[in-house]
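The values are calculated or read from the model by the stated rules, or taken from the named source; none is laboratory data. The structure displayed is predicted, hence computed values, not measured ones. Methodologically, a virtual Cβ is constructed for each residue, glycine included, from the backbone with ideal geometry; neighbour enumeration extends over all protein chains shown.
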Amino acid sequence: MFEIEKDWNLKPDGFEEEKIFIQPEFMLRELQNEALTSQFHVSDIGLFPAAKFHYRERPNGCPTHILMYCVQGEGWVETHKLVHIQARQLIVIPAEMPHRYGASNENPWTIYWMHLTGKDAESLIRTYALDSGPLPFTLNLHARWIDDFEQCYGMLSDKPYAMNNQIYVSQCIRHLISHVGLSLIHSLQDIKGERYMDQAVQYMTDRITDSLSLVDLASHLGLSKQHLIYLFNKEMGVPPIEFYLRLKMQRAGQMLSLSDKSVKEISGTVGIKDPYYFSRLFKKIMGCSPTEYRSIPKG
């Protein structure tokens, strides 16, 4: 999939309907001397649509940070390892890092790209770990990237020497990068939270016949009690022990429907020694007593 064909057609740019803007040298000097852009500004920005045969190789890296967002098609990037880039993925290549990249031969990518320079650009990339590999975008992030890119590209290409425009573009892109970084962090936190919930529910289910404390569950997951309660309230709508009791009552309801065991036997099976406490708890959670539940026609 990643094999590069050494074909004379390979090219760095020159694609039909491409957009490309490169800051002239004198403008870069002015941006470096301007207080509001010296630590962060765009040196190059562009769009390569359906970039067949697109290929770049920089054995010594690039003096700027490269951000490429693939909106369609596929490609690949090689730095310290080779990675496949798909639609709605961002890849960031830090400054000075040797690299090469190219479009897929069968399904060439369409990429929005920009080169950033300045200490703040490096700090933002490091803060949000944007160079950690292909980063998937939500539809909202996808729309935000394209809208901000089109606006900034238009301002630079219409009035490239207007410092007010340059400052606006610098601030807009800075905010875009921060927004992307924060959104990706939240997305990863949501995924991690779901994994914790899956582990917690499995741990509870495996111990449905026992007693389980909040300390036991938090220790198993490697979380603080406070964070565990926060995750359960957020994901499940109830604290962990209440959720655990609900699982017990659901299991008890199954046994009431599918077996002839007594209420006392079922109470013991789900780890509750006092059948009277079990009956009160069952009615509170299930809406009726165990005896009434058993008499309800099922199926």
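Applying the set (1) out of contact with any Lys or Arg (no Cβ under 8 Å at 6 or more places or on another chain); (2) surrounded by 14 or more Cβ atoms within 10 Å (Cβ to Cβ) to ASP260 leaves exactly one unmet item: (2).
Identify the residue in segment 106-127 that is within 15 Å of PHE48 (Cα to Cα) and either out of contact with any Leu (no Cβ under 9 Å at 6 or more places or on another chain) or aliphatic (A, V, I, L, M) (or both) and, among all such residues, is surrounded by the fewest Cβ atoms within 10 Å (Cβ to Cβ). Among those that are within 15 Å of PHE48 (Cα to Cα) and either out of contact with any Leu (no Cβ under 9 Å at 6 or more places or on another chain) or aliphatic (A, V, I, L, M) (or both), it is ASN107. Evaluated against (1) over 30 Å from LEU36 (Cα atoms); (2) in a strand (DSSP E or B), LEU67 falls short on exactly one condition, (1). Within segment 220-238, residues that are closer than 22 Å to ILE285 by Cα have Cβ atoms under 7 Å from residues that are part of a loop (DSSP other than H, G, I, E, B) in these pairs: ILE229/PRO239; PHE232/VAL238; PHE232/PRO239; ASN233/PRO239, counting only partners at least 6 apart in sequence or on another chain. Residue count for segment 75-95, restricted to those that are surrounded by fewer than 19 Cβ atoms within 10 Å (Cβ to Cβ) and not in a loop (DSSP other than H, G, I, E, B): 4.
Which condition number in (1) of a type in the set (Gly, Ala, Ser); (2) in contact with a strand residue (DSSP E or B) (Cβ under 8 Å, 6 or more places away or on another chain); (3) at pLDDT below 95 is the one that GLY14 fails? Of everything listed in (1) of a type in the set (Gly, Ala, Ser); (2) in contact with a strand residue (DSSP E or B) (Cβ under 8 Å, 6 or more places away or on another chain); (3) at pLDDT below 95, GLY14 misses just condition (2). Just give me the residues in segment 172-204 being closer than 26 Å to GLN254 by Cβ and either of a type in the set (Lys, Arg) or loosely packed, with under 13 Cβ neighbours inside 10 Å (or both), in sequence order. GLU194, ASP198, GLN202 - these are the residues of segment 172-204 that are closer than 26 Å to GLN254 by Cβ and either of a type in the set (Lys, Arg) or loosely packed, with under 13 Cβ neighbours inside 10 Å (or both). Summed over segment 272-299, the residues that are in contact with a helix residue (DSSP H, G or I) (Cβ under 7 Å, 6 or more places away or on another chain) and closer than 23 Å to VAL238 by Cβ give a count of 10.
Return a yes/no flag: does segment 74-97 have any residue that is out of contact with any Ser or Thr (no Cβ under 6 Å at 6 or more places or on another chain), within 22 Å of SER170 (Cβ to Cβ) and of a type in the set (Phe, Trp, Tyr). No - not one qualifying residue is present in segment 74-97.
The residues of segment 128-156 that are surrounded by 14 or more Cβ atoms within 10 Å (Cβ to Cβ) and of a type in the set (Val, Ile, Thr) amount to a single one, ILE146.
Considering only segment 258-288, state which residues are within 40 Å of the chain's Cα centre (by Cα) and under 13 Å from SER211 (Cβ atoms). Residues satisfying the conditions are VAL270, GLY271.
Taken across segment 181-192, residues that are assigned to a helix (DSSP H, G or I) and within 19 Å of HIS115 (Cβ to Cβ) do occur, with at least one present.
Can we say LEU184 is under 30 Å from LEU135 (Cβ atoms), without any contact (Cβ under 8 Å) to a residue 60 or more places away in the chain and not charged (D, E, K, R)? Spelling it out, LEU184 is indeed under 30 Å from LEU135 (Cβ atoms), without any contact (Cβ under 8 Å) to a residue 60 or more places away in the chain and not charged (D, E, K, R).
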